[in-house]
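The values are calculated or read from the model by the stated rules, or taken from the named source; none is laboratory data. Just so we're clear, the structure is a prediction, and the values are computed from it rather than from any experiment. Don't worry about glycine lacking a Cβ; one is built from the backbone with ideal geometry, like all the others, and counts go over all protein chains shown. Please note that ligands, DNA and RNA were not included when accessible areas were found on the heavy atoms of the full protein model with its side chains. Shrake-Rupley method; radii C 1.70, N 1.55, O 1.52, S 1.80 Å.
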Amino acid sequence: MHTLGSKGARGMGERARLVGIEHDRKITKEMDSQFLFEYQRAILLSLKDSGALDEAQYRYAEGKLENQLRAHIRKQSSTEERGEKP
């Protein structure tokens, strides 16, 4: 778990900063596909908010991410049904 804190005085912009990490482990597509999807989508939103992507580009990229996640979940489900390791 990552803990974020904020720092800043009244009237000044607050900045998020990493305070600590608990239960640190490697993030993998096999075990953390939903987390990776949300992380990548947050990056896309940030790019859209900054003007690097327009709405159409964002929606296209988000659709690609959603398709990747669905394909991974289907693959993982079929692998588990056959009793194989992912």
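Taken over the range 33-64, the criterion of being aliphatic (A, V, I, L, M), assigned to a helix (DSSP H, G or I) and open to solvent by 60 Å² or more (accessible area, probe 1.4 Å) is satisfied by Ile43, Leu45, Leu47, Ala56. Taking residues in the range 17-34 that are within 20 Å of Arg70 (Cβ to Cβ), and partners anywhere that are not hydrophobic (A, V, I, L, M, F, W, C), the pairs with Cβ atoms closer than 7 Å and at least 6 places apart or on different chains are Lys29/His72; Glu30/Pro86; Ser33/His72.
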